[in-house]
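What follows is a set of notes on a single structure, which appears directly below.
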Amino acid sequence: MRIDEGDGMAVQLNHTIVWSSDQTMSARFLAEILGRPAPTRFGHFDVVELDNGVSLDFADAKGSIHPQHYAFLISDADFDAVLSRIRERGLEYWADPMRHRPGEINHNNGGRGVYFPDPDGHFLEVITRPYGSSAAEPVASG
């Protein structure tokens with residue numbers, strides 16, 4: 001995707017830092033769960049690349065970690081694979097962010113979604129339809 005200068009301001013998320021107690025373990029966890037290539041090293045970060053040019057750059061935290069929420073738009077086929085990996089690892093998962101529906105998935109916006117924790121308590125989410133979309137809209141390809 002090209003960012004044109006002079007056509008107004010174009011803003012895209014490029015990367016974000018994910019604070020971790022063990023950045024290598026956490027980056028590997030995310031890459032494995034999402035079926036991504038192994039993390040690469042850039043400076044002092046372990047980097048997980050996503051298909052839209054955004055990366056999650058894992059770094060060791062010096063103090064306590066304040067859990068964040070990270071949501072990933074994936075295809076239906078990828079959802080099946082991710083949910084299978086969550087179950088194989090024996091991870092808890094929920095259909096809702098309040099954790100009232102354990103062991104379930106949701107069908108919001110005509111798709112599917114699930115929430116689960118990473119090793120540091122970050123709350124991860126995978127969805128097959130963007131929020132506010134309808135079942136008639138195209139699904140992310142993976």
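The values are calculated or read from the model by the stated rules, or taken from the named source; none is laboratory data. Quantities reported herein were computed from a predicted structural model and do not represent experimental measurements. Cβ atoms come from the backbone with ideal geometry, glycine included; neighbour counts cover every protein chain shown. The protein model used for the area step is the full one, side chains on, heavy atoms only, and it has no ligands, DNA or RNA in it. Shrake-Rupley method; radii C 1.70, N 1.55, O 1.52, S 1.80 Å.
Its Cα centre serving as origin, the chain has a Cβ charge dipole (Lys and Arg +1, Asp and Glu -1) of approximately 320 debye. Considering segment 26-78, its Cα convex hull presents a mean projected area of 4.3 nm². Alpha carbon centre of segment 71-111 versus segment 31-52: separation in Å? After rounding, the separation between the Cα centres reads 21 Å.
Dipole of segment 25-142 computed with +1 at Lys/Arg Cβ and -1 at Asp/Glu Cβ about the Cα centre; of 82, 63, 37, farthest Cα towards the positive end is 63. Across the accessible surface of segment 1-86, with the other protein chains kept in place and a 1.4 Å probe, carbon and sulfur atoms take up 53 percent. Computing FRET efficiency as 1/(1 + (r/R0)^6) for residue 59 and residue 100, where r is the C-beta to C-beta distance and R0 is 35 Å, gives about 0.60. In this structure the chain gives 60 Å² per residue of accessible area when probed at 1.4 Å with all protein chains present. Note on segment 55-106: Kirkwood hydrodynamic radius from all Cα pairs is 13.4 Å, rounded to one decimal. Here the chain is treated as an ellipsoid with the same Cα gyration tensor; its semi-axes, largest first and in whole Å, are 24, 23, 14. For the options 84, 55, 26, a Gaussian network treatment of the chain with springs between C-alpha atoms closer than 10 Å singles out 84 as fluctuating the most. Relative contact order for the chain: what percent, with Cα pairs under 8 Å and sequence separation of 6 or more? It comes to 21 percent, rounded to a whole number. DSSP assigns beta bridges within the chain; of those with both partners inside it, close to 60 percent run antiparallel. Rounded to the nearest 0.05, what FRET efficiency is calculated for residue 81 and residue 9 with R0 set to 35 Å and r the Cβ-Cβ distance? The formula returns an efficiency of 0.40 here.
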